[in-house]
Amino acid sequence: MAFRPALSYYQQRGHSILTAPTVLAVSAAQLRTFVRADATSLPDADAEFIIKQATDFIEQISGLALLHQSWQLTLDSWPGYLEPWWDGVVQAAMSELSSGKSRWLTLPKYPLSSITSVTTYDEADASTVVTVATVFQVDSQRMPGRLALKNGQLWPTAPRNTNAIEIIYVAGFGAAAATVPASLQRAVLQFSSFLYENRGGCDLQDGFSKSGARDIVSAYSLRGV
């Protein structure tokens, strides 16, 4: 009898931002109105710094991307990638040896907007650009978004031991502040307001909760916040 190792659905990965949003989810003027401050007591530069701090924390803790931003995901192997049987012989149809769970890859940041590229690397570090439209279906309706194999397709070969797969994708509700749901804009404002009023000493986790932003973000988040 031949045995094979159990399928693994998790693998080493790296995840880094390539291009940050060019605008803010809310403006400095909106924050000033919210906290009833003027441009002297809360200049644009200070207001924008607070908004960025609040936004970064919300996105980091929730997995959300409020505005379009480009990310690079690197993987050592595909999820649930089928290892060869110990005797080196596949003794059943490929479809019988993989589960539905290993037919797609979930992208960390959401909502998913688009897939820019998928590249694999061999042991000589030579790269192969995968034709996404041929191999994958891009599911941007689900949160988080998925990169799913089309029927009849297998995961592209990626034999390099580390960082064998590179996926570049865009996440976010849109490119303009107006595309961010109003409730999430409200969360940014409430959290920013708390940071402004407690400047000089504020625990971010505590402020996130006390400002009411946590309750708003929880309605969108797939992580416990």
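The values are calculated or read from the model by the stated rules, or taken from the named source; none is laboratory data. Bear in mind the structure is a predicted one, so any value in this text is a computation, not a measurement. Cβ sites come from the backbone with ideal geometry, for glycine too, and all protein chains shown count toward neighbours. Areas reflect the complete protein model, heavy atoms only, side chains present, ligands, DNA and RNA absent. Shrake-Rupley method; radii C 1.70, N 1.55, O 1.52, S 1.80 Å.
If one computes P(r) from the Cα atoms of region 134-217, what percent of pairs lie at distances over 17 Å?
Details: 2337 of 3486 pairs.
For region 134-217, the share of Cα pairs beyond 17 Å comes to 67 percent.
Would you list F191, F57, F34 from the most to the least accessible area, probe 1.4 Å?
I get F34, F57, F191, largest accessible area first.
Order the peptides 115-125, 59-69 from the highest to the lowest mean number of other Cβ atoms within 10 Å of their residues. Don't skip to the answer; put the middle values down first.
Numbers: 115-125: 14.7, 59-69: 20.5.
Order by mean packing, descending: 59-69, 115-125.
Determine the equivalent ellipsoid of region 15-79 by diagonalising the alpha-carbon gyration tensor, then write out the semi-axes as square roots of 5 times the eigenvalues, largest first, rounded to whole Å.
On the way: eigenvalues 205, 22, 14 Å².
Value: 32, 10, 8 Å, ordered largest first.
Provide the gained length on full extension for the span R199 to T134, in nm with one decimal, where the gain is 0.36 nm per separating residue minus the Cα-Cα distance. Write down the numbers at each step before the final one.
On the way: separation 65, 0.36 × 65 = 23.40 nm, distance 5.19 nm.
Answer, rounded to one decimal: 18.2 nm.
Please work out how much length the chain gains when fully extended from A182 to T19, using 0.36 nm per residue of separation minus the C-alpha to C-alpha distance, in nm with one decimal.
Gain on extension, A182 to T19, equals 56.3 nm.
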